[in-house]
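Okay, so here's the structure we're looking at.
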Amino acid sequence: MDFAGKAAIVTGATSGIGLAVAEELAAQGAELLLTGRNEARGREVAAALQRRGARTVFVAADLADRRAPTTVVAAALATFGRIDVLINNAGVLINGAAHEFADADWDRVLDINLSAAFRLSRAVLPSMLERQSGSIVNIASDWALKGARGSVAYAVAKAGLAQLTRCMALDYAQLGVRVNAICPTDTDTPMLDLAYPGDDRAGKVRTLAAGIPIGRVARADEIAKVVAFIASEQAGFMTGALVPVDGGTSAQ
């Protein structure tokens, strides 16, 4: 895969899957605008990628703010003059069943995990449609494809993201813009500790691995490689796909 001359936005890029995607795209030659809420960490990540030769900038943003997507896209266009790839990865997890959820928590999970992806996609589309070229990859979850206990808002948001992917793919299929989603299973990232609280992390990972046919949780770099392929021109005939990267859990 060759992203030389391509500009990409990666949200939630300071850790976990977002960081791994940023590193993978940078290694393939992409110019990157990274976003996240932790400005100090974001600047560290951008500096590390710059030392590897990647043209990278960081814009601090809380994507729950409805103005943030416009600001992020404007910064990318001002810096690179184009946007070829958007990776909607930013997400938050607040656990709870429906009767336990406060309105503010529900709104925050849906704002960041679903609405921000819609608003960012809407903001990049004029530039992509003008050139009749672009790739949007949404990071959903295997919980988008099945029910989940104890995390109603996150699972609903990811299911909504899956449907957003399908609808946008149909709207723009003949206009040069592809829209796909990746549906990872449990992945060894900081969010794993939020999804499954507890001090015994090694034991937790072993328990999760026992439910995955391959026998282990995913690594962030494994997810990132699939994201990069889907975003690349090598996947030019793919749109509207919900791609499980789940060690076989969706086959059970």
Which residue, Thr71, Thr239, Thr165, tops the fluctuation ranking in a GNM of the chain built on C-alpha contacts under 10 Å? Thr71
Cross-link partners among lysines for Lys225, C-alpha distance below 18 Å, same-chain residues fewer than 8 apart left out? Lys6
Starting from the Cα of Lys158, draw a straight line to each of the lysines and keep only those under 18 Å, dropping any in the same chain fewer than 8 residues away. Lys146
Specify the angular offset, from 0 to 90 degrees and rounded to the nearest 10, of the alpha carbon long axis of helix 16-27 from the longest principal axis of the alpha carbons in the chain. 30
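Could you work out how much longer the chain between Phe118 and Glu130 gets when fully extended? Use 0.36 nm per residue separation minus the Cα distance between them, nm to one decimal.
2.4 nm
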Relative to the chain, whose Cα atoms define the longest principal axis, helix 68-80 and its Cα axis are tilted in degrees, nearest 10, by 40
Taking neighbour Cβ counts within 10 Å as the exposure measure, how do Tyr154, Tyr172 sort from fewest upward? Tyr172, Tyr154
Could you work out the local net charge near Val92, counting Lys and Arg as +1, Asp and Glu as -1, over the other residues with Cβ closer than 14 Å to its Cβ? -3
Largest fluctuation, Ala46, Ala104, Ala76 only, Gaussian network model of the chain with Cα springs under 10 angstrom, belongs to Ala104
Ranked by GNM mean-square fluctuation in the chain (Cα springs under 10 Å), the top entry among Glu100, Glu23, Glu222 is Glu100
For the chain, what is the relative contact order in percent, using Cα pairs closer than 8 Å and at least 6 residues apart in sequence? 20
Given H placed 1.01 Å from N in the peptide plane, which residues other than close sequence neighbours of Lys6 have an amide H under 5 Å from its amide H? Glu31
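When averaged across all projection directions, what area in nm² does the alpha-carbon convex hull of the chain cover?
Result: a mean projected hull area of 13.1 nm².
All of the numbers you see were taken from the coordinates with simple rules; none came from a lab. Treat the numbers as computed from the prediction; the structure is a model and nothing was measured. Positions of Cβ are backbone-derived with ideal geometry, glycine not excepted, and every protein chain shown enters the neighbour counts.
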